[in-house]
Amino acid sequence: MTRGEAAKLAAGVGCNVTNSVTKETTLLVVGTQDTNRLAGYEKSSKHRKVEELIKKGFYIKILSEKDFKR
């Protein structure tokens with residue numbers, strides 16, 4: 001599933017879809033990562049930022065692409 005397809009699906013059920021992670025983010029869908037594009041990291045920069053926000057007390061759910069599709 002492409003990002004665009006996922007965004008249309010999420011918007012279709014009422015989600016507010018954005019391209020960035022902020023303190024207002026409530027859900028991050030994480031797909032299979034291309035390790036060549038992660039600059040030596042195991043997770044994307046958005047995934048890492050969400051984890052930092054969670055540590056600071058923000059409630060953000062992280063879903064795998066598989067769970068999102070269900």
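Quick notes on this one:
- When the range 33-58 is filtered for residues that are within 11 Å of the chain's Cα centre (by Cα) and not basic (Lys, Arg), the ones remaining, listed by number, are Ser44, Ser45, His47, Val50, Glu51.
For (1) under 13 Å from Ala6 (Cβ atoms); (2) of a type in the set (D, E, K, R); (3) touching an Asp or Glu at 6+ places or on another chain (Cβ under 9 Å), each residue gets a yes or a no:
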{"residue": "Leu27", "(1), (2), (3)": "yes, no, no"}
{"residue": "Gln33", "(1), (2), (3)": "no, no, yes"}
{"residue": "Glu51", "(1), (2), (3)": "no, yes, no"}
{"residue": "Lys56", "(1), (2), (3)": "no, yes, no"}
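- Of the residues contained in the range 53-62, none is found to be surrounded by 12 or more Cβ atoms within 10 Å (Cβ to Cβ) and among the hydroxyl-bearing types (Ser, Thr, Tyr).
- Residue count for the range 27-50 satisfying the condition of being farther than 14 Å from Phe68 by Cα, out of contact with any strand residue (DSSP E or B) (no Cβ under 6 Å at 6 or more places or on another chain) and not acidic (Asp, Glu): 14.
- Filter result for Leu53 (touching a residue at least 24 places away in the same chain (Cβ under 8 Å) and touching a strand residue (DSSP E or B) at 6+ places or on another chain (Cβ under 6 Å)): no
- Looking only at residues in the range 26-44 that are without any contact (Cβ under 8 Å) to a residue 24 or more places away in the chain and closer than 21 Å to Ala10 by Cα, the one that is surrounded by the most Cβ atoms within 10 Å (Cβ to Cβ) is Ser44.
Readers should treat all values here as calculations from the given coordinates under stated rules, not as data from a laboratory. Nothing here was measured: the structure is a model prediction, and the numbers come from that model. Heads up, the Cβs are rebuilt from the backbone with ideal geometry, glycines too, and the neighbour counts pull from every protein chain shown.
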